[in-house]
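Q: Below you will find the structure I want to go over with you.
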Amino acid sequence: MTRRSLALIKALVIVACVIPFAWVAARAFGFAGDLGANPVQMVLHTFGKTGLNLLILTLAITPIRKQTGLNWLVALRRTLGLAAFAYILLHAITYAVLDQGLAWRSLLVDVAMRPYITVGFLALVLMVPLAVTSTNAMQRRLRRRWVQLHRLVYLIGILGAVHFLWLVKIDVTEPLLYMAVLALLLGYRVIDWQRRNRKRRLRAARKPT
């Protein structure tokens, strides 16, 4: 994979990440139909679901890379992760501004008393330090602590899936499918961690005393 090819792929990924936002904006201004009978809910759902999709894609990078040997995929992880954060932030802003009209007391009550909003808010809060420390400079500065901090993405994924599940009141097929995919991705990491641990123990046992 050449540097130019990787730059082109990154550019295409960025364009793909922008498409859902552009689609919502186009519909909001009447260029591609309208936002439907309940525009706020449509925007909320689009931004939230896109953020969750991108978060799951971010988590899928490592298993796909290890199974295929396509190591250049790692270069896309930051782009996907930041795009996921952007959409989840837009989801929260849409809820706070368009749905609640910045009624802060009502917002605080929702965060404290409505479990699906509580877990969604917690996921957003946990994503902030990951976004802030996503640069190469922060990765070099934090070193091992950077790796430990960014493991929060697993918890964030779980919180996002639970938020979706608790939000849906009738047909939970779709959120359960998301939870199943997330369980597979996290299960792969547990198995991979156990395998690497076993190899380390075997190497340590073979070392001469």
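Q: With contacts defined as alpha carbon pairs under 8 Å and 6 or more residues apart, what's the relative contact order of region 3-201 in percent?
A: Contact order relative to length: 19 percent.
Q: Please give the peptides 156-164, 15-23, 89-97 ranked by average Cβ packing (other Cβ atoms within 10 Å per residue), highest first, as a rough proxy for protection.
A: So the peptides 156-164, 15-23, 89-97, ranked by packing, come out 156-164, 89-97, 15-23.
Q: Calculate the length of the line joining the C-alpha centroid of region 45-83 to that of region 135-149, in whole Å.
A: 19
Q: Relative to the compact-globule scaling 2.2 N^0.38 Å, provide the ratio for the alpha-carbon radius of gyration of region 167-209. Don't jump to the answer; show the numbers that get you there.
A: Values: Rg = 18.7 Å, N = 43, 2.2 N^0.38 = 9.2 Å.
Normalised Rg, Cα atoms only: 2.04.
Q: Find the centroid of the Cα atoms in region 89-130 and in region 157-175, then give the distance between the two in whole Å.
A: Here the two parts' Cα centres lie 16 Å apart.
Q: Using the per-residue mean of other Cβ atoms lying within 10 Å as a proxy for protection, in what order, highest first, do the peptides 139-150, 109-120 fall?
A: Answer by packing, highest mean first, reads 109-120, 139-150.
Q: Here's a follow-up. For the chain, what number of Lys pairs, 8 or more residues apart or on separate chains, have alpha-carbon atoms under 30 Å from each other?
A: Close lysine pairs found across the chain: 7.
Q: Taking only DSSP H segments of four or more residues, each worth -39500 (n - 2.57), what value at 222 nm results for the chain once the sum is divided by all its residues, to the nearest 500 deg cm²/dmol?
A: Only helices count here, giving -27500 deg cm²/dmol.
Bear in mind that the values in this text are calculations on the coordinates, not laboratory data. Quick caveat: nothing in here was measured; it's all calculated off a predicted structure. As a convention, Cβ positions derive from the backbone with ideal geometry for all residues, glycine included, and neighbour counts pool all protein chains shown.
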